[in-house]
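Below: the structure, in structure tokens.
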Protein chains: 2
Amino acid sequence: MRTIEWDEKREAVKLIDQTLLPGEYKIVECKTLEELIDAIKRLRVRGAPALGAAGAFGVVLACTNEKSKAQIEREVEMLKKARPTAVNLSYGVNRALNAAMSGKTTQEMKEYALEEAQRIADEDVAVNKKIGDYGSEFFEDGDVVLTHCNAGRLACVDWGTALGVIRTAIQKGKRIEVIACETRPLNQGSRITTWELLQDKIPVTLIADSMSAAVMREGKVNKVIVGADRVVKEGVINKIGTYMHAVVAKEHGIPFYVAAPLSSFDLKRSYKEVEIEERSAEELIFFAGKQIAPLDVKVYNPAFDFTPFELIAAVITEKGIYTKVSSF
Amino acid sequence: MRTIEWDEKREAVKLIDQTLLPGEYKIVECKTLEELIDAIKRLRVRGAPALGAAGAFGVVLACTNEKSKAQIEREVEMLKKARPTAVNLSYGVNRALNAAMSGKTTQEMKEYALEEAQRIADEDVAVNKKIGDYGSEFFEDGDVVLTHCNAGRLACVDWGTALGVIRTAIQKGKRIEVIACETRPLNQGSRITTWELLQDKIPVTLIADSMSAAVMREGKVNKVIVGADRVVKEGVINKIGTYMHAVVAKEHGIPFYVAAPLSSFDLKRSYKEVEIEERSAEELIFFAGKQIAPLDVKVYNPAFDFTPFELIAAVITEKGIYTKVSSF
């Protein structure tokens, strides 16, 4: 199944619980907006493009029980705030909400929201395939590509952005190997990226995040590709660690690519205006329930960082390439 | 107590089990060479200077049961190989072994080895205090200093190298804050560095390794100091991730210091000749017993990396400063 989809019969959003992978593959059902918001906050569904679809399906869940339009608008505000950094969540909510507003009854609003949400989900897959087409041109037979976090099928509705580019390049007959950084503190790299690549039989080697400079120095990597949570005026906001990989890639003359749909673009805004989500200290003090740091230690745990366009060879989108010197 | 010491009554090496911190503070006793080698391999005792003392005390344990000198030499070869990268282990073994060889009986050999081992342990503390004296001059009131892994009291017999410099600077009345990187995959930073700094009431903030570039960009750090496992002809071999921090420090114009005793120096050797210990894939596939990656994923897990002198402002030793342009 797709990462996230609507179950017509059950009138529910179904999603693959990404917090349980790779140990367990489980489908979670959200029948209420509250359940979906909880799933988003717990990262059962994550990844900017997937959050776009989640936001849209959330509007469908909100359209129940003969609510007034004002009430629905209030409720989906909470949904938009479930995670602040990726722009796609608001994008998905806004599109589905606009569609809903032309409905007269709650039932009609729900139908229109669902049509729009399905459209967003289908567009996401089509967009990723286009990103793959454009992006795959940058990759050559024999490349070893480092990636961080998960910008794959599970970060999207399907196919993936950064990993979608790799999938398309492989589909075109190029042999590509991936080095996946584990991506602390929540290990989306070790848990999800390696899992989805192995499912597709794409060769992947797992490393700790801090090894990226060393593997570059050792000549074990020749390209980097990551996704984006938000593309702003001066660069890209993405999973914490992205900026570190970009700096060390520059030091080693290795091109650093970002793959992102236009729905992640927010070019009128500066990175300084974007809220960088700070997550709980517990993510660094505990691991799998085991204490790994003193309980009273101060922790700084930003979920994202900012990488300026100067360090990025190209942002690969469904409409082509965006760089510091060539905008659309 | 010290990180590692000889228990006269029990005729055993006692050490703080560093794999259990911070959850549990437990003293482990090694009565045989085999037990000590096992403790070294499991990292119950780790850190280049502490391994120097461990190596020397290991020779004492080998001098039992009327063994021949040849047999003792054979046995301590195994000890030297317990961990290949830090030069101090061999250094400690060789010094204690040389001392032992002037004994006539096993009992005499044991006495001489013990005298030498105690000397190495005491010297380590004195050396660290001198490193602290030299190094503290580079640090100013108000500095926020990033460190990686643990080059503190627990990496040494006492006081510490990198953290010893910070301790001395604080003792001299400077207010210093530390940012500790958790240091994947074994989390010596989150488990040990934060613990020993909090014991001394030194302000410390824990971050994930990949956050170091972001905190530098945000202006939250103005110096870096780490230890060394081996100082070679072209630079420093230290815990994996050190090179990454050095590259991003350069990008942000932040001075990068290494603190290391001369017993870690091996200037005749190139980094290319030093075996970089590769540790088990399980360190990245499991965490605290929980599976966090597919069982069949390929893993690259080097325990150390190499940082060239070009990226190092100074190596701080007990005899003063060593840099690319000014050797002793």
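For the subset of region A:223-258 comprising residues that are of a type in the set (K, R) and within 11 Å of another protein chain (Cβ to nearest Cβ), which member is farthest from A:F139 (Cα to Cα)? Walk me through how you get there before you give the answer.
Let us first name the residues in region A:223-258 that are of a type in the set (K, R), namely A:223, A:230, A:233, A:239, A:250.
Going one step further and asking which of them are within 11 Å of another protein chain (Cβ to nearest Cβ), we end up with A:239, A:250.
On the way: A:K239: 23, A:K250: 18 Å.
For region A:223-258, the residue satisfying everything is A:K239.
Is it the case that some residue within region B:173-180 is within 14 Å of chain A (Cβ to nearest Cβ), closer than 30 Å to B:A288 by Cα and open to solvent by 10 Å² or more (accessible area, probe 1.4 Å)?
Of all residues in region B:173-180, those within 14 Å of chain A (Cβ to nearest Cβ) come to B:177-180.
Now drop any that are not closer than 30 Å to B:A288 by Cα, which leaves B:177-180.
So of that shortlist, the ones also open to solvent by 10 Å² or more (accessible area, probe 1.4 Å) come out as B:177, B:179.
Yes, there is a match, as at least one residue in region B:173-180 is within 14 Å of chain A (Cβ to nearest Cβ), closer than 30 Å to B:A288 by Cα and open to solvent by 10 Å² or more (accessible area, probe 1.4 Å).
Only one of (1) in contact with a Lys or Arg (Cβ under 8 Å, 6 or more places away or on another chain); (2) under 30 Å from B:F306 (Cβ atoms) fails for B:V28. Which number is that?
(2)
Within region A:194-209, does at least one residue satisfy the condition of being buried (at least 24 other Cβ atoms within 10 Å of the Cβ), at negative phi, touching a Phe, Trp or Tyr at 6+ places or on another chain (Cβ under 9 Å) and more than 9 Å from chain B (Cβ to nearest Cβ)?
no
Using the structure shown, decide if A:L97 is free of Cβ contacts under 8 Å to residues at least 40 places away in the same chain, touching a helix residue (DSSP H, G or I) at 6+ places or on another chain (Cβ under 7 Å) and either open to solvent by less than 20 Å² (accessible area, probe 1.4 Å) or among the hydrophobic types (A, V, I, L, M, F, W, C) (or both). Spell out how you get there, then give the answer.
Working: free of Cβ contacts under 8 Å to residues at least 40 places away in the same chain: yes; touching a helix residue (DSSP H, G or I) at 6+ places or on another chain (Cβ under 7 Å): yes; either open to solvent by less than 20 Å² (accessible area, probe 1.4 Å) or among the hydrophobic types (A, V, I, L, M, F, W, C) (or both): yes.
Yes; evaluated as a whole, the condition is true for this residue.
Condition check ((1) basic (K, R); (2) touching a Phe, Trp or Tyr at 6+ places or on another chain (Cβ under 8 Å)) across all residues:
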| residue | (1), (2) |
| --- | --- |
| A:G142 | no, no |
| A:L146 | no, no |
| A:C149 | no, no |
| A:Q171 | no, no |
| A:K174 | yes, yes |
| A:I179 | no, yes |
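Could you check A:A113 against (1) more than 19 Å from A:E11 (Cα to Cα); (2) open to solvent by less than 10 Å² (accessible area, probe 1.4 Å) and say which number it fails?
Failed condition: (1).
Do any helices (runs of 4 or more DSSP H) lying entirely in region A:143-247 carry at least 2 residues that are farther than 23 Å from A:E278 by Cα, in contact (Cβ under 8 Å) with a residue 12 or more places away in the chain and within 19 Å of the chain's Cα centre (by Cα), and which ones are they?
On the way: elements: A:162-171, A:194-199, A:212-217.
Qualifying helices (runs of 4 or more DSSP H): A:162-171, A:194-199.
Give A:I316, A:I292, A:I312 a once-over and let me know the one that is open to solvent by less than 20 Å² (accessible area, probe 1.4 Å), free of Cβ contacts under 8 Å to residues at least 40 places away in the same chain and among the aliphatic types (A, V, I, L, M).
One residue alone meets the criteria, A:I292.
So A:D305 fits all but one of (1) within 14 Å of chain B (Cβ to nearest Cβ); (2) open to solvent by 20 Å² or more (accessible area, probe 1.4 Å); (3) charged (D, E, K, R); (4) within 28 Å of A:W159 (Cα to Cα); what number is the exception?
The one condition A:D305 does not meet is (2).
Spot the failing condition for B:A314; the list is (1) at pLDDT 95 or above; (2) in contact with a strand residue (DSSP E or B) (Cβ under 7 Å, 6 or more places away or on another chain); (3) within 13 Å of another protein chain (Cβ to nearest Cβ), and only one is missed.
(3)
Quick one: which residue in A:S280, A:S327, A:S263 is modelled with pLDDT under 95, under 21 Å from the mean Cα position of the chain (by Cα) and either assigned to a loop (DSSP other than H, G, I, E, B) or buried (at least 20 other Cβ atoms within 10 Å of the Cβ) (or both)? Give the steps one after another, and end with the answer.
On the way: A:S280 fails: modelled with pLDDT under 95; A:S327 fails: under 21 Å from the mean Cα position of the chain (by Cα).
Testing whether each residue is modelled with pLDDT under 95, under 21 Å from the mean Cα position of the chain (by Cα) and either assigned to a loop (DSSP other than H, G, I, E, B) or buried (at least 20 other Cβ atoms within 10 Å of the Cβ) (or both) leaves just A:S263.
Can you tell me which condition B:D229 does not meet? The list is (1) within 28 Å of B:K319 (Cα to Cα); (2) among the acidic types (D, E); (3) surrounded by fewer than 24 Cβ atoms within 10 Å (Cβ to Cβ), and all the others hold.
Among (1) within 28 Å of B:K319 (Cα to Cα); (2) among the acidic types (D, E); (3) surrounded by fewer than 24 Cβ atoms within 10 Å (Cβ to Cβ), B:D229 violates only (3).
With of a type in the set (A, V, I, L, M) and within 23 Å of B:V226 (Cα to Cα) as the only criterion, which of B:L61, B:L20, B:L33 stands out?
B:L20
Here are some residues: B:A56, B:A50. Which one is touching a Ser or Thr at 6+ places or on another chain (Cβ under 6 Å) and part of a helix (DSSP H, G or I)?
Numbers: B:A56 fails: touching a Ser or Thr at 6+ places or on another chain (Cβ under 6 Å).
Being touching a Ser or Thr at 6+ places or on another chain (Cβ under 6 Å) and part of a helix (DSSP H, G or I) holds for just one of B:A56, B:A50, which is B:A50.
Pairs under 9 Å by beta carbon, first residue more than 21 Å from B:M211 (Cβ to Cβ) in region A:267-279, partner open to solvent by 100 Å² or more (accessible area, probe 1.4 Å) and part of a helix (DSSP H, G or I), six or more apart or different chains?
Close Cβ pairs satisfying both conditions: none exist.
Can you confirm whether region B:46-65 contains a residue that is open to solvent by 60 Å² or more (accessible area, probe 1.4 Å) and either under 30 Å from B:W195 (Cα atoms) or not aliphatic (A, V, I, L, M) (or both)?
The first filter runs over region B:46-65 and keeps only residues open to solvent by 60 Å² or more (accessible area, probe 1.4 Å), leaving B:65.
Next, from what is left, pick out any that are either under 30 Å from B:W195 (Cα atoms) or not aliphatic (A, V, I, L, M) (or both): B:65.
Yes, region B:46-65 has at least one match.
Within region B:247-254, is there a residue that is open to solvent by 10 Å² or more (accessible area, probe 1.4 Å) and acidic (D, E)?
In the first step, residues of region B:247-254 are kept if they are open to solvent by 10 Å² or more (accessible area, probe 1.4 Å); the result is B:250-254.
Still in the running and acidic (D, E): B:251.
Yes, the conditions are met somewhere in region B:247-254.
Please go through region B:47-87 and give me each residue that is in contact with a helix residue (DSSP H, G or I) (Cβ under 7 Å, 6 or more places away or on another chain) and within 15 Å of B:A303 (Cβ to Cβ), ordered by number.
B:G47, B:A48, B:L51, B:A82, B:R83, B:A86, B:V87
What are the residues in region B:285-295 that are closer than 19 Å to A:E196 by Cβ and at the interface with chain A (Cβ under 7 Å from one of its Cβ atoms), if any? Talk me through it step by step, then tell me what you get.
Here is the first cut: in region B:285-295, the residues closer than 19 Å to A:E196 by Cβ are B:285, B:291-295.
Listed by number, the residues that qualify are B:Q291, B:I292, B:A293, B:P294.
Taking region B:41-94 as the region of interest, how many residues are small (G, A, S) and more than 29 Å from B:D305 (Cβ to Cβ)? Reasoning before the result, please.
Step one: of region B:41-94, the residues small (G, A, S) are B:47-48, B:50, B:52-56, B:58, B:62, B:68, B:70, B:82, B:86, B:90, B:92.
Still in the list and also more than 29 Å from B:D305 (Cβ to Cβ): B:62, B:68, B:70.
Selection size over region B:41-94: 3.
Among (1) within 11 Å of chain B (Cβ to nearest Cβ); (2) free of Cβ contacts under 8 Å to residues at least 40 places away in the same chain, where does A:E282 come up short?
So A:E282 meets the others, but not (1).
Could you check how many residues of region B:283-324 are more than 22 Å from the chain's Cα centre (by Cα) and part of a strand (DSSP E or B)?
Of the residues in that region, 6 qualify.
The values are calculated or read from the model by the stated rules, or taken from the named source; none is laboratory data. Owing to the predicted nature of the structure, the values given are computational and were not obtained by experimental measurement. Please note: Cβ atoms are built from the backbone with ideal geometry, for glycine as well, and neighbour counts cover all protein chains shown. Surface accessibility is based on the protein's heavy atoms, side chains included, excluding ligands, DNA and RNA. Shrake-Rupley method; radii C 1.70, N 1.55, O 1.52, S 1.80 Å.
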